[in-house]
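**Q** I'd like to ask you about the structure that follows.
The values are calculated or read from the model by the stated rules, or taken from the named source; none is laboratory data. Computed from a predicted model, the values in this text were never measured in an experiment. Using ideal geometry, Cβ is built from the backbone for each residue, glycine included, and neighbour counts are taken over all protein chains shown.
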Amino acid sequence: MAETPTNPGPDWIPLCRLDAIGIGRARYVEAANRPLCVVRLGENDAAVFDDACPHAGGPLSGGHVEDGCLVCPLHQWPFRLADGVCADTTAFRVRKYPSRVRDGTVEMAMPDVK
Ligand code: FES
């Protein structure tokens, strides 16, 4: 009888300690050859986005959380934490990566190389 292959799931990349970020604040990190923005959402929760704002390339890691959105520091466009879509101009979206917090470290799933 043939064995059923198991899906090993994604490879996880450690990004930073969660407690190095204030709740509602963001931090810049580089991983998987890309600039990233790690946002601390709560005591044990985080989200990971591309750092470059899709409007004009502003550093989202310099932004802040407000009303469920990450607000860009350059022109204050709000990107929804849930999916990265701009709440004001839905044609714009910042890429959000699968992430988790494990033993106090924020990790992201290795993105597809495309
Ligand atoms: S560069 Fe982010 S809102 Fe303009």
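**Q** Every residue in segment 46-62 that is more than 11 Å from the chain's Cα centre (by Cα), more than 8 Å from the ligand (Cβ to nearest atom) and small (Gly, Ala, Ser), please.
**A** The answer is Ala52, Gly62.
**Q** Oh, and also: Can you pull out the residues in segment 67-88 that are surrounded by fewer than 21 Cβ atoms within 10 Å (Cβ to Cβ), in contact (Cβ under 8 Å) with a residue 24 or more places away in the chain and within 14 Å of the ligand (Cβ to nearest atom)?
**A** Gly84, Cys86
**Q** What are the residue pairs meeting all of these: first residue in segment 46-64, first residue over 12 Å from His75 (Cβ atoms), second residue basic (Lys, Arg) and more than 10 Å from the ligand (Cβ to nearest atom), Cβ atoms under 6 Å, and 6 or more apart or on different chains?
**A** Ala46/Arg40; Phe49/Lys96; Asp50/Arg95; Ser61/Arg27
**Q** Sticking with this structure for a sec: Output the residues belonging to segment 86-114 that are under 11 Å from the mean Cα position of the chain (by Cα) and assigned to a strand (DSSP E or B).
**A** Lys96, Tyr97, Ser99, Arg100, Val106, Glu107, Met108, Ala109, listed by residue number.
**Q** Please work out which one of (1) modelled with pLDDT of 95 or more; (2) touching a strand residue (DSSP E or B) at 6+ places or on another chain (Cβ under 9 Å); (3) surrounded by fewer than 14 Cβ atoms within 10 Å (Cβ to Cβ) is the condition Asp103 fails and give its number.
**A** (2)
**Q** Given Glu43, Glu30, which one is under 23 Å from Glu107 (Cα atoms), without any contact (Cβ under 8 Å) to a residue 12 or more places away in the chain and away from the ligand (no atom under 16 Å from the Cβ)?
**A** Glu30
**Q** Return the residues of segment 8-44 that are of a type in the set (D, E, K, R) and either assigned to a loop (DSSP other than H, G, I, E, B) or surrounded by 15 or more Cβ atoms within 10 Å (Cβ to Cβ) (or both); say none if nothing qualifies.
**A** Those that are of a type in the set (D, E, K, R) and either assigned to a loop (DSSP other than H, G, I, E, B) or surrounded by 15 or more Cβ atoms within 10 Å (Cβ to Cβ) (or both): Asp11, Arg25, Arg27, Arg40, Glu43.
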